[in-house]
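First comes the structure, then the notes that go with it.
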Amino acid sequence: MQERSSSSITAEIIWFKRVLNFRMLQSYDRSEWPEKLKYVSEDEVKLLSEATTIFDFVPPEHQVDSGYYWLVQTYKLNGWERILLLLALAPHVQPDVLDPFISATNNEYGGTKGTNHRGFLPTGQTAFFVLCDNNHELKNPLMQMLSPDHKFHKANILTLERAPKGEPELS
């Protein structure tokens, strides 16, 4: 079971990384893409270049008896929910997938650093960037996923920490 869960998470992280790469690239001028893509395979560059939205990348299917598959199936997680969950899990299961955010100087990405963790810790603002492309018309569905009424909160899967007083709600 552990091996199948691991392969399910690996496939999901590959998909998630593709979504992140696409979103990061969208935030750059196209003339900067060759520099940003120098470590990406030609096939991957082609996929990223042809996409117009994060939903052009289809989430992977999973092994029926993996723990991750069970979570996705039991809670009927859609693509947005899976991306949000992986954003929260990434610092714990594969922190380097978030490394592009560390070297970025763009405040629209949000994020913070932990007390002991030296990598990037995503915030609600990071989710807003990845899922909504900072489009305020899409903010409401994101806020619903982060609300106490959503299955993530009800099942104690994922919650958004309260922002410090005087800071933006997604910080």
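General remarks:
- The chain: relative contact order in percent, alpha carbon pairs under 8 Å with at least 6 residues between: 19
- Among the listed options (1) 54; (2) 59; (3) 50, the one matching percent of Cα pairs over 21 Å apart as calculated from these coordinates is (3).
- Backbone HN-Hα couplings from phi across the stretch 44-60 [Karplus 6.51/-1.76/1.60, Hz, Gly and Pro as x]: 5, 4, 4, 4, 5, 5, 7, 6, 10, 8, 5, 7, 6, 9, 7, x, x
- Net length gained if the chain between Thr53 and Lys165 were fully extended (0.36 nm per residue, minus Cα distance): 36.9 nm
- Loop sites in the stretch 111-165: chymotrypsin sites (Phe, Trp or Tyr not before Pro), DSSP, at most 15 other Cβ within 10 Å: none
- Surface exposure of the stretch 119-171, expressed per residue as accessible area with a 1.4 Å probe, stands at 60 Å².
- Of all the options Tyr75, Tyr39, Tyr28, the one that moves most in a Gaussian network model of the chain with Cα springs shorter than 10 angstrom is Tyr39.
- With every protein chain in place, the chain: carbon and sulfur % of accessible area (1.4 Å): 50
- Result for the chain in a Gaussian network model with C-alpha springs under 10 Å: among Thr115, Thr52, Thr126, the largest mean-square fluctuation is at Thr115.
- Accessible surface of Lys139 - all protein chains present, 1.4 Å probe, nearest 10 Å²: 50
- Per-residue SASA remark: Ile14, around 100 Å² accessible (1.4 Å probe; ligands, DNA and RNA not included).
- For Glu61 and Arg30, a Förster radius of 45 Å and the Cβ-Cβ distance give a FRET efficiency of 0.90, rounded to the nearest 0.05.
- Remark: for residue pairs Lys38/Lys113; Lys46/Lys76; Lys17/Lys113; Lys113/Lys165, the C-alpha separation exceeds 29 Å in Lys46/Lys76.
- Loop GluC sites (Glu not before Pro), the stretch 74-171 (other Cβ atoms within 10 Å of the site Cβ: 15 or fewer; DSSP): Glu161, Glu169
- Gln144 versus Ile157: modelled label distance in nm, points set 7 Å from Cα along the beta carbon direction: 1.6
- Placing a pseudo-label 7 Å from each Cα along the Cα-to-Cβ vector at Lys38 and Gln94 gives an inter-label distance of 2.3 nm.
The values are calculated or read from the model by the stated rules, or taken from the named source; none is laboratory data. In this text, all values refer to a predicted model and were calculated from it rather than measured experimentally. FYI the Cβ positions are ideal-geometry reconstructions off the backbone, even for glycines, and counts take in every protein chain you see. Keep in mind that these areas ignore ligands, DNA and RNA; they rest on the heavy atoms of the full protein, side chains included. Shrake-Rupley method; radii C 1.70, N 1.55, O 1.52, S 1.80 Å.
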